[in-house]
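The values are calculated or read from the model by the stated rules, or taken from the named source; none is laboratory data. Predicted model, so just to flag it, every value in this text is computed and none were measured. Because the Cβ atoms are built from the backbone with ideal geometry, glycine has one as well, and the counts that use them run over all protein chains shown. These accessible areas exclude ligands, DNA and RNA; they are computed on the full protein's heavy atoms, side chains included. Shrake-Rupley method; radii C 1.70, N 1.55, O 1.52, S 1.80 Å.
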Amino acid sequence: MGETLYPVPAAWAADALIDEARYREMYARSIEDPEGFWREQAQRIDWIRPFTRVKETSFHEADFGIAWFADGTLNLSANALDRHLAERGEAIAILWEPDDPAEPHREISYRALHADVCRFANLLKAKGVGRGDRVTIYLPMVPEAAVAMLACARIGAIHSIVFAGFSPDALAGRIVDCDSRIVLTADEGLRGGKRVRLKANVDEALAQCPGVETVIVLRRTGADVAMQPGRDIDWHDAVAAQSPDCPPEEMSAEDPLFILYTSGSTGKPKGVLHTTGGYSVWASITHQYVFDYRPGQVYWCAADIGWVTGHSYVVYGPLMNGATTVMFEGVPNWPDPSRFWQVVDKFGVEIFYGAPTALRALMREGDDWVTRTSRSTLRLLGSVGEPINPEAWEWYHKVVGEERCPIVDTWWQTETGGTMITPLPGATALKPGSATRPFFGVRPALLDNDGTEIEGAGNGCLVITDSWPGQMRTVWGDHERFFQTYFTTFAGQYFTGDGCRRDEDGYYWITGRIDDVINVSGHRMGTAEIESALVAHVSVAEAAVVGMPHDIKGQGIYAFVTTNADVEPDEALRRELIQWVRHEIGPIATPDVIQFAPALPKTRSGKIMRRILRKIGENDVSNLGDTSTLADPSVVDHLLANRPQLA
Ligand code: WTA
């Protein structure tokens, strides 16, 4: 396959924070002398008590542990807010664009945001929230979501944001797992002109969460929602009485900052825990260098705060760097498919960071929706969350960026805290579809299935061989699971779950998950979670879920379902199951295909042969591999003969 190489534009090479020579020099130093490198780089943070210890990490069972800057103290909200007040207090911190373009946007200065955060932090304290307490946030994309995050960081409380598209059941599971006694929500959310009944979802969830004592309800739409006396309080009323002065708590570098639940290949979603010091260093340094960020530039990351991208690159990274960060409540294609680019023009956005799934959907609507807008302020584009196919990359580059804007295709994970493999716009020649090279301090390696390292060009499992400051520290409440999940597949290595190819130039090409995780529209989902939702239905005996190629979503959800003996599967049941999964998990888990089957292919020991189901899902059935160990090979023939017609 002939790869096009896009060299660094001359203007970028001349002017960028990091050019090729500097990348090479800094990368080499970061690997040869991580202690010295990070001791210096961590000075970007305002420490209350400077650290003397830097890197204390081991991925090995005997002395397993991860700590960075452990004896330093700091406060992240002070780094995101207070430190900017003297120099750029009146600069805009958050530019908020509502769902409906007819509604006015909001501009919040650093000074105003600081006051809002202090007031809300005081409200949390008044409600008994203190250091180490968990606060569940179930809010739409409104500035108050950022205020809530920063207020938690200010008083040392641990936030756990639950994406506002998750169902009451999914929300309840996450509240119970981390034992939150307080939930922050809104009456309703607005997305693409539709209302999302957030408060009603919270009420339904809380029926299963007896530990929750307080719900703070933001009025977003003004809908008439039930308020439970003694438990539910009105955000605006309660905050108005609070003082705009709240000194930041002095936190240790390794004090927890937030929990974010994410899906793995087995079991319930895990509470990924990030701590304060290393995460602050990582989110800010990656934001500055990957986006070549200079104060004053208008920067827009279109992710939701319910995902890690929203944490690191809508809120924490940009605000630590004094950025003007755009927060967008809406969706790319409403009221029409020009919406993103109209917002770019409205605010003069210079840096835009989005997901391939949105680009593919917009690409399908035709170039005119893009070209009718100016986009003249754009200088850099980014991509995140899933592999970007070269066709979408080329479209993004040519049509959206008019061949003027480099594209940073950033590979990373909830677990990594920030970008790991990514171009730097002034340093890296680009290849469409490749996340290119490691960021400072990141040591990727490719292993074959036996754990032997592949040198040079090749294809294998992507691992990271040494710690970096932004790495997650544990799974909330289950440190053993943290070790088992990430450090035992290949002893002594951080296992990413991704497959990857490295080419002759040392560029990395992520090929997608090699475990039972699928990536639907950039949202990560465990097939096991969808399976357990399906089998919870009275008519379902057994279910197996795999990914399938999908033009827009990247991957779709293909479910094989065996019904109970007395149930005759039909179209009505298919529809019912689809609704059921939406209700159990949320609309993002809606199955694209449900194939009913009298039986699933199993080995003689009773294990479902997922490899075969994956191939059927991928419509790659010419060679199903060895089926001789199947208990009943005719099951596969039946599955093949009864595949649903796909659109
Ligand atoms: C995938 C999102 C290819 C990958 C930040 C990873 C990517 C998972 C890319 C993590 C990319 C993310 N190219 N694949 N640029 N970025 N992925 O935790 O499979 O929601 O393991 O974090 O998304 O998803 P998560």
Ranking Leu17, Phe37, Ser77 by how far each Cα lies towards the positive end of the charge dipole of the stretch 1-91 (+1 on Lys and Arg Cβ, -1 on Asp and Glu Cβ), the top one is Ser77
Dividing the helical contributions, -39500 (n - 2.57) per DSSP H run of n ≥ 4, by the residues of the chain yields a 222 nm value, nearest 500 deg cm²/dmol, of -8000 deg cm²/dmol
Projected area averaged over all directions for the convex hull of the alpha carbon atoms of the stretch 47-161, nm², comes out at 10.1 nm²
Given unit charges at Cβ for Lys, Arg (+) and Asp, Glu (-), the dipole magnitude of the chain about its Cα centre in debye, nearest 20, is 560 debye
Reduced to Cα centres, the span from the stretch 267-336 to the stretch 614-646 in Å works out to 42 Å
Inter-part gap, Cα centre of the stretch 44-105 to Cα centre of the stretch 513-536, in whole angstrom, is 31 Å
dims of the stretch 181-236, Cα set, principal axes, largest to smallest, nearest Å -> 34, 23, 15
Rh (Kirkwood, all Cα-Cα pairs) for the stretch 91-232, Å, reads 15.5 Å
Computed on Cα atoms only, the convex hull of the stretch 183-321 has an orientation-averaged projected area in nm² of 12.1 nm²
For Arg372, the accessible surface traced by a 1.4 Å probe with all protein chains present amounts, in square angstrom to the nearest 10, to 130 Å²
Projected onto the charge dipole of the stretch 256-408 (unit charges on the beta-carbon of Lys, Arg, Asp and Glu, signs +1, +1, -1, -1), the Cα from Ile259, Ser376, Trp282 with the largest positive-side position is that of Ile259
For the chain, cysteines with no other Cys Cβ under 4.7 Å from their own Cβ are listed as Cys152, Cys178, Cys209, Cys301, Cys405, Cys461, Cys500
At q = 0.18 Å⁻¹, the log10 of I(q)/I(0) for the stretch 45-101 from a Debye sum over equal Cα scatterers comes to -0.76
In debye to the nearest 20, the charge dipole size for the stretch 117-181, taken about the Cα centre with +1 at each Lys and Arg Cβ and -1 at each Asp and Glu Cβ, equals 320 debye
With the stretch 86-150 reduced to its Cα atoms and the Debye formula applied, log10 I(q)/I(0) at q = 0.21 1/Å amounts to -0.93
Among Val538, Gly554, Val567, the residue whose Cα sits farthest towards the positive end of the charge dipole of the stretch 527-587, when +1 is placed on the Cβ of each Lys and Arg and -1 on the Cβ of each Asp and Glu, is Gly554
Carbon plus sulfur, as percent of the 1.4 Å-probe accessible area of the chain, comes to 49 percent
Per residue, accessible area of the chain with a 1.4 Å probe, heavy atoms of protein chains only, in Å², comes to 37 Å²
Mean Cβ-within-10 Å packing, highest first, puts peptides 592-599, 617-624, 528-535, 415-422 in the order 415-422, 528-535, 592-599, 617-624
Sorted by chain and then number, the residues having a modelled amide H within less than 5 Å of the amide H of Lys55, at least 5 places away or on another chain, are Phe69
Note on the stretch 563-647: C-alpha Rg/Rh, Kirkwood Rh, two decimals, gives 0.99
In whole percent, the Cα-Cα distances of the stretch 276-322 spread across 10 Å bins from 0 upward as 29, 59, 12
The Cα radius of gyration of the stretch 282-393, divided by 2.2 N^0.38 Å with N its residue count, comes to 1.02
Normalised per residue, the volume inside the convex hull of the alpha-carbon atoms of the chain in Å³ amounts to 162 Å³
D (µm²/s, integer) via Stokes-Einstein for the stretch 400-494, Kirkwood Rh across alpha-carbon pairs, 37 °C, 0.692 mPa s: value 218 µm²/s
In debye to the nearest 20, the charge dipole size for the stretch 524-647, taken about the Cα centre with +1 at each Lys and Arg Cβ and -1 at each Asp and Glu Cβ, equals 420 debye
Length-normalised contact order of the stretch 1-112, Cα under 8 Å, at least 6 apart, in percent, tallies to 15 percent
Residues whose built amide H sits under 5 Å from the amide H of Met251, excluding neighbours closer than 5 in sequence, are Leu74, Asn75
Expressed as a whole-number percentage, the relative contact order of the chain with C-alpha contacts under 8 angstrom and at least six residues apart is 13 percent
